[in-house]
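Here the structure comes first, spelled out in structure tokens, and everything after it is commentary.
The values are calculated or read from the model by the stated rules, or taken from the named source; none is laboratory data. Since we're looking at a predicted model, the values are computed, not measured. Reconstructed Cβ throughout: ideal geometry from the backbone, glycine too, with neighbour counts over all protein chains shown. Note: accessible area is taken over every heavy atom of the protein model, side chains too, but ligands, DNA and RNA are not part of it. Shrake-Rupley method; radii C 1.70, N 1.55, O 1.52, S 1.80 Å.
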Amino acid sequence: MASAMMMTCSMGVAPACRQQVAAMPCTLARSAPRSASLKVSSPTMPVRSLRISPGSAFTQRRPQRGCMQVKAASSDEEYSMQTLTTWLLKEESKGVIDGEMATVLSSIATACKQIANLVNRSGISNLTGLAGAANIQGEDQKKLDVVSNTVFCNALRASGRTGTIASEEEDLPVAVEETFSGNYVVVFDPLDGSSNIDAGISTGSIFGIYDPNDECKIEDMDDPEQMMKNCVLNVCQPGTSLLAAGYCLYSSSTLFVLTVGKGTWGFTYDQAVGEFVLSHPDIKIPDKDGQKIYSFNEGNYQGWSPELQQYMDSLKDADKWGGKPYSSRYIGSLVGDFHRTLLYGGIYGYPPDKKNKNGKLRLLYECAPMSMIMEQAGGKGSTGTSRVMEVEPTEVHQRVPLFVGSNTEVEYLESFVKK
């Protein structure tokens, strides 16, 4: 019977024989001599002797059939994942953030999920094109600018932990009546790079969270003008006072990049589970080993200062860089260009020019949060002459020049601009 089972095993009836003959030798097909005899018996047949020669069906090895080793089941670690929620809980347990901050960040992540869905469906949901109005900076608002601002505001109000919000799309800061705990100040650009929406190019959301103070109180509603002044003072804090900052990139995948003052962490949205999953732990920008890439809008070159023009010309001098000049990469979306710079190295800049004396990027909800993220990743954020994080804002929508990237690249730029 054992011989019959061995022959059956060699002939390939694999599923039935793997367990039954696991302890029996099944080496006939592997080491058969030039000629071998095999006796086979059955209840209804007399004993017969079979001649087995090399090359016969009995001696040919059949891959994935017959006796074979079964791969061990995958370990639990292969299917483990750390979501943004569990990461926030761990940071809370370590005392890095409190429960109120975790709630605010979770609410922002939820808003980003909703905006990501709106961006992906904008072309078929009549959300492309202009909304027919302009924001406080005089910029034409896209439909998604308005919708994204509403999504952000609703999420922060629903969290119950936000006392004041300031948005690129709002003229002045807004006191949140629904707050009952936390009272954080949240500043944000709900949809950066919205001019790219109609072309399907990457966009993003940027946010920063400041500690609350007692300047802006709902109880002061009897004097709305004075309360608004206090709210502006509440919001106008330098980047060094930021408790957390982050951005969400809406592109081929949706990424949520965050810092709470202990490194920079990246999470990718997994649509299968509906969660942001840790994909880029403790990001560090490549410095001297990074790619030689600059991201500037060179269309404004003629309006730049002579020092900045000299800097740009030096990047294109192949002899200065071992025969290969810097490469230019510019999307026109701060979040997209910044994210590439963060992962690959190089420098991103939006300098002042003759038309825009202080550049076009806003300090509170663009430059300061992005500079904090870059610094926590080992890089640098500069106005060209000073650290962005130390600039004291005097108004909500104040603009400043911005240069962010690796320490080496930003310091090289400053060596020209500070002359």
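Is it fair to say Asn120 is open to solvent by 70 Å² or more (accessible area, probe 1.4 Å), closer than 19 Å to Cys248 by Cα and either under 23 Å from the mean Cα position of the chain (by Cα) or modelled with pLDDT under 80 (or both)? Explain how you work it out, then say what you get.
Details: open to solvent by 70 Å² or more (accessible area, probe 1.4 Å): yes; closer than 19 Å to Cys248 by Cα: yes; either under 23 Å from the mean Cα position of the chain (by Cα) or modelled with pLDDT under 80 (or both): yes.
Yes.
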Kindly evaluate Gly274 against the criterion of being open to solvent by 20 Å² or more (accessible area, probe 1.4 Å), among the small types (Gly, Ala, Ser) and either in contact with a helix residue (DSSP H, G or I) (Cβ under 9 Å, 6 or more places away or on another chain) or without any contact (Cβ under 8 Å) to a residue 40 or more places away in the chain (or both). yes
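For the range 287-297, name all the residues that are open to solvent by 30 Å² or more (accessible area, probe 1.4 Å) and in contact with a helix residue (DSSP H, G or I) (Cβ under 8 Å, 6 or more places away or on another chain). Reasoning before the result, please.
Residues of the range 287-297 that are open to solvent by 30 Å² or more (accessible area, probe 1.4 Å), as a first pass: 287-289, 291-292, 297.
Correct list: Asp287, Lys288, Gln291, Lys292.
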Residues of the range 316-367 being exposed (fewer than 15 other Cβ atoms within 10 Å of the Cβ) and of a type in the set (Lys, Arg), in sequence order, are Lys316, Lys320, Lys324, Lys354, Lys355, Lys357
Residue hits (the range 376-399; surrounded by fewer than 22 Cβ atoms within 10 Å (Cβ to Cβ), under 18 Å from Phe188 (Cβ atoms) and either in contact with a helix residue (DSSP H, G or I) (Cβ under 6 Å, 6 or more places away or on another chain) or touching a residue at least 60 places away in the same chain (Cβ under 8 Å) (or both)) are Met389, Pro393, Glu395, His397, Gln398
Listed by first then second residue, the pairs whose first member lies in the range 253-264 and is more than 25 Å from Asn120 (Cβ to Cβ) and of a type in the set (Lys, Arg), whose partner is outside any strand (DSSP E or B) and open to solvent by 10 Å² or more (accessible area, probe 1.4 Å), with beta carbons under 7 Å and at least 6 positions apart or on separate chains, are Lys262/Val96
